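Report on the following structure.
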Amino acid sequence: MQKSLHIIAERCTGCLQCEMACSFEADGVFNPSRSRIKVFPLHEEGRFVPYTCTQCADAWCVKACPVDAIVINLETGAKVVLENVCVGCKVCTIACPFGTINYSQATGKVIKCDLCGGDPECVKACPTEAILYVDADWTGYDKMRSWAKKTDAGARAEA
Amino acid sequence: MAWTEKILRVNLTKGTCESEPLNMVWAAEYLGQRGLATKYLVDEIDPKVDPLSPDNKMIFATGPLTGTCASTSARYSVITKGALTGAIACSNSGGYFGAELKMAGWDMIIFEGKSEKPVYLSIVNDKAELRSAEHLWGRSVWEVEPAIKAESGDPQTRVCSIGAAGENGVLYACIVNDLHRAAGRSGVGTVMGSKNLKAVAVRGTVGVTVKDPKAFMAATMAGKKVLADNAVTGEGLPAFGTQILMNIINETGALPSKNFHDVQFEGAGKIGAEAMAEVRASDGKANLVTKAACFGCTIACGRISQIDKDHFTVVNKPEYWGASGGLEYEAAWALGAATQVDDLECLTYVNFLCNEQGYDPISFGSTVAAAMEMFEDGTITTEDTGGIKLKFGSAEALTQIAELTGKNEGFGAEIGLGSKRLCEKYGRPELSMSVKGQEFPAYDPRGIQGMGLGYATANRGACHLRSYTVASEILGIPEKTDPLETEGKAGLVKAFQDATAAVDSSGLCLFTTFAWSLDDIAPQIDAACEGDWTPERLAETGERIWNMERQFNLAAGFTGKDDTLPQRLLKEAAKTGPAEGKVCGLDVMLPEYYSLRGWSVDGVPSSQTLERLGV
């Protein structure tokens with residue numbers, strides 16, 4: 001079973017623990033500027049929105065890479081950058097429609113979410129369960145269940 | 001490792017920015033942030049210096065845990081000689097600015113001198129330079145922050161700045177970062193303004209490392225679990241914010257109202273946490289939009305609020321219609337209960353103004369309350385106030401005076417003096433509810449006795465954040481003591497003061513101590529920092545810091561006689577509630593406190609005490 005990162009922005013408080021966990025797992029340093037997941041504050045609306053790679057099945061970055069440096073981890077479904085192959089040409093950063101693969105001046109390579117090999121650190125670090133790691137076929141399961149409950153309550157009220 | 005071991009020294013007179021190594025001998029004795037920066041300050045300035053002269057210095061300091069994944073690792077402090085008090089000042093702030101400064105590779109910035117023209121400091125990792133701020137002078141915090149971000153070309157730049165209050169010498173001006181987080185008290189923003197320093201912008205991409213990553217992850221994870229499992233930090237604060245206290249403290253009979261004339265406020269229910277969450281009849285929305293965390297914080301006590309567009313304060317002012325920093329308990333008390341204004345939307349608007357123009361809502365609200373008392377008894381009239389009918393309970397008057405104070409215009413310029421100078425000016429010094437020139441926060445020491453001793457002895461003037469004995473006396477943390485008893489309070493206050501000084505020097509937020517003792521904090525510091533950091537060493541570090549601050553104040557001209565409270569709290573008994581008939585028993589607690597501290601009967605640390613602590 002493959003799993004997907006599933007983000008519930010409403011729960012995010014903007015603490016950036018996910019960004020610290022991500023950079024620490026990848027680089028051994030607390031450094032949000034190196035995080036593969038980013039939280040965007042929408043100040044006027046009072047919202048915080050985490051955003052990261054959704055691991056497209058048919059991924060633009062993989063197709064665009066001229067040196068086949070981005071490979072698919074068949075177990076997790078993650079598109080993983082091979083640092084020793086990547087030449088830092090940045091073509092993938094142009095191809096990606098979502099901006100979730102980025103060049104790093106520090107290493108001369110691109111960096112993106114690799115799902116931490118199937119145990120994402122951001123999920124474990126989030127104090128409010130705003131980032132979940134769920135069955136890729138059923139990312140809508142919890143939402144469906146809550147709507148089922150509401151719909152049923154409505155139906156019962158009518159009856 | 002935890003400390004970056006680098007200080008940025010900025011000489012505003014010469015226009016220079018220089019890097020120098022952190023004194024690691026001092027770091028081992030004073031830890032960081034409050035303690036370490038105070039050590040630098042007392043070593044470098046004359047205690048008798050005029051706070052607003054170029055010879056005063058101002059230090060922005062992070063702690064060793066700032067910018068790490070420890071919960072609440074956002075904190076930085078501004079240390080200087082306070083404009084409001086003339087005492088040692090240390091104002092602590094959260095948000096994201098402090099962590100960014102650390103990420104850029106700096107433990108602290110020492111500002112000295114005074115710039116000839118308005119400038120701001122720009123930091124991108126190890127590159128620091130002063131830039132002209134002439135085009136930013138006169139503009140609010142809410143205008144300056146986006147303007148500097150745009151200039152930097154990097155939206156992830158973090159900014160702290162002063163508004164009109166700091167520029168114009170309001171004596172309790174704040175330094176505001178991330179739009180609504182503030183180093184709020186004692187007039188640190190006034191000092192910044194006096195140096196013609198408008199803002200500090202920082203972008204850090206270096207990151208922070210720790211001594212033993214594996215032990216650090218284990219210790220911080222254990223700490224986070226303690227916070228999550230605790231009723232206050234895991235449930236109360238995230239759900240209701242600090243405003244959860246409004247009704248609790250009112251029921252305790254310790255919610256000062258009408259300039260401390262009363263200890264309970266009838267309108268408390270209209271301005272507390274429950275009221276913020278209630279859906280408004282007018283527009284179908286609640287005042288509270290969401291909760292918000294500072295950097296690294298797993299508690300998230302912060303409130304984000306939105307004002308009803310049709311409320312009289314913001315009609316035709318769309319710039320105040322968006323969501324921004326909402327009311328915290330202290331602000332809601334000072335702006336509301338102290339002045340008897342029970343209009344939640346009005347208080348939220350005035351709180352927005354405090355953030356926008358950078359002034360402390362506690363000192364402002366308390367000063368307005370003193371002015372209201374003088375207005376009602378005829379000491380001041382509409383001639384003095386420029387026509388404003390400054391009556392208790394008047395939301396219109398509070399709004400008018402807040403708008404003027406932000407700009408330092410009209411009677412607002414007098415409110416900007418703080419209550420001590422204002423009441424002296426009108427011949428009524430006894431009406432200033434302050435210690436060492438700084439206004440009280442939101443707990444009446446007749447109803448919570450330990451807070452009276454805490455206020456009287458706090459090194460930065462009246463303050464709840466130096467020994468928050470409310471935790472013990474009301475909430476039962478770490479154990480319940482009777483709020484109406486004076487016995488045992490001297491020891492309690494000393495223990496809280498010392499532990500707090502250590503926490504304030506670590507980079508962590510004091511609010512963790514609702515759940516954490518030094519036993520929870522020490523392993524986190526120990527895993528991050530060189531040297532063995534035990535709970536005992538932290539407590540001793542805190543005691544060392546406390547005595548160092550005390551020594552500075554004594555050298556600045558304060559004496560034991562300044563460790564007192566206004567006569568109202570010592571002579572006029574509480575009229576209602578559980579504390580009815582009680583005054584604050586400071587006279588009983590203070591001698592015992594001096595003795596426990598190893599100070600003389602006049603409040604001077606003995607040579608043995610100073611020697612023992614190495615001050």
Residue in region A:53-64 that is in contact with a Pro (Cβ under 7 Å, 6 or more places away or on another chain) and either outside any loop (DSSP other than H, G, I, E, B) or without any contact (Cβ under 8 Å) to a residue 60 or more places away in the chain (or both) present: yes
Qualifying positions in region B:561-591 - aliphatic (A, V, I, L, M), over 18 Å from B:E430 (Cα atoms) and not in a helix (DSSP H, G or I): B:A579
Where B:T481 falls short, out of the listed (1) within 30 Å of B:D377 (Cα to Cα); (2) touching a helix residue (DSSP H, G or I) at 6+ places or on another chain (Cβ under 6 Å): (1)
Condition met for B:A165 (open to solvent by 10 Å² or more (accessible area, probe 1.4 Å), of a type outside the set (D, E, K, R) and not in a loop (DSSP other than H, G, I, E, B)): no
Positions within region B:144-158 being open to solvent by 70 Å² or more (accessible area, probe 1.4 Å) and away from chain A (no Cβ under 14 Å), in sequence order: B:A150, B:E151
Failed condition for B:G67, given (1) open to solvent by less than 40 Å² (accessible area, probe 1.4 Å); (2) more than 14 Å from chain A (Cβ to nearest Cβ): (2)
Close pairs (9 angstrom Cβ cut-off, 6 or more residues apart or separate chains): without any contact (Cβ under 8 Å) to a residue 24 or more places away in the chain in region B:428-440, not in a loop (DSSP other than H, G, I, E, B) anywhere: B:P429/B:K420; B:P429/B:C423
Enumerated helices (runs of 4 or more DSSP H) restricted to region A:89-159, each holding at least 3 residues that are farther than 26 Å from A:G28 by Cβ: A:91-95, A:141-158
Selected residue [outside the structural domain of B:E18 (by TED's automatic domain parsing) and buried (at least 24 other Cβ atoms within 10 Å of the Cβ)] from B:V170, B:V188, B:V208: B:V208
Cβ-Cβ under 7 Å pairs, at least 6 apart or on other chains, region B:192-213 side touching a residue at least 24 places away in the same chain (Cβ under 8 Å) and away from chain A (no Cβ under 14 Å), far side assigned to a loop (DSSP other than H, G, I, E, B) and buried (at least 24 other Cβ atoms within 10 Å of the Cβ): B:M192/B:I162; B:G193/B:I162; B:K198/B:I162
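Within region B:293-310, which residues are without any contact (Cβ under 8 Å) to a residue 40 or more places away in the chain, crowded, with 20+ Cβ neighbours inside 10 Å and more than 8 Å from chain A (Cβ to nearest Cβ)?
B:D308
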Residues that are assigned to a helix (DSSP H, G or I) and within 14 Å of another protein chain (Cβ to nearest Cβ), drawn from region B:240-276: B:M276
Within region A:20-52, tally of residues that are touching a residue at least 12 places away in the same chain (Cβ under 8 Å), within 7 Å of another protein chain (Cβ to nearest Cβ) and hydroxyl-bearing (S, T, Y): 1
Test for B:S115: is it surrounded by fewer than 24 Cβ atoms within 10 Å (Cβ to Cβ) and under 25 Å from the mean Cα position of the chain (by Cα): no
Output for region B:91-102, where each listed residue is within 14 Å of chain A (Cβ to nearest Cβ), on the phi < 0 side of the Ramachandran plot and of a type in the set (G, A, S): B:G94, B:G98, B:A99
Condition check for A:Q17: open to solvent by less than 40 Å² (accessible area, probe 1.4 Å), within 14 Å of another protein chain (Cβ to nearest Cβ) and either among the polar types (S, T, N, Q) or more than 15 Å from the chain's Cα centre (by Cα) (or both): yes
Enumeration of residues in region B:293-313 that are of a type in the set (A, V, I, L, M) and under 27 Å from A:F30 (Cβ atoms): B:A293, B:I299, B:A300, B:I304
Qualifying positions in region A:90-125 - among the β-branched types (V, I, T) and at pLDDT below 95: A:T107
Matching residues, region B:508-530, being open to solvent by 10 Å² or more (accessible area, probe 1.4 Å), assigned to a helix (DSSP H, G or I) and of a type outside the set (D, E, K, R): B:L510, B:F511, B:T513, B:F514, B:L518, B:P523
Scope region B:5-57; condition in contact with a strand residue (DSSP E or B) (Cβ under 8 Å, 6 or more places away or on another chain) and among the hydroxyl-bearing types (S, T, Y); matching residues: B:T13, B:T16, B:S19, B:T38, B:Y40
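Rundown of residues vs (1) within 9 Å of chain A (Cβ to nearest Cβ); (2) more than 20 Å from the chain's Cα centre (by Cα); (3) open to solvent by 10 Å² or more (accessible area, probe 1.4 Å), yes/no style:
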| residue | (1), (2), (3) |
| --- | --- |
| B:T290 | yes, yes, yes |
| B:V315 | no, yes, yes |
| B:P318 | no, yes, yes |
| B:L327 | no, no, no |
| B:L335 | no, no, no |
| B:D342 | no, yes, yes |
Residues of region A:1-14 classified as facing chain B (nearest Cβ under 7 Å) and either open to solvent by 30 Å² or more (accessible area, probe 1.4 Å) or of a type in the set (S, T, N, Q) (or both), total: 1
Residues being of a type outside the set (S, T, N, Q) and within 18 Å of B:I362 (Cβ to Cβ) - total across region B:393-413: 5
Odd one out for B:R612 among (1) over 24 Å from the mean Cα position of the chain (by Cα); (2) surrounded by 22 or more Cβ atoms within 10 Å (Cβ to Cβ): (2)
Flag if A:T128 is away from every other protein chain (no Cβ under 14 Å), open to solvent by less than 60 Å² (accessible area, probe 1.4 Å) and in contact (Cβ under 8 Å) with a residue 40 or more places away in the chain: no
Cross-chain or 6+ apart pairs with Cβ under 6 Å, region B:408-423 first and part of a loop (DSSP other than H, G, I, E, B), then at pLDDT below 95: B:G416/B:N408
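The values are calculated or read from the model by the stated rules, or taken from the named source; none is laboratory data. Here the structure is a predicted model, which is why all the values come from computation and not from measurement. FYI the Cβ positions are ideal-geometry reconstructions off the backbone, even for glycines, and counts take in every protein chain you see. Please note that ligands, DNA and RNA were not included when accessible areas were found on the heavy atoms of the full protein model with its side chains. Shrake-Rupley method; radii C 1.70, N 1.55, O 1.52, S 1.80 Å.
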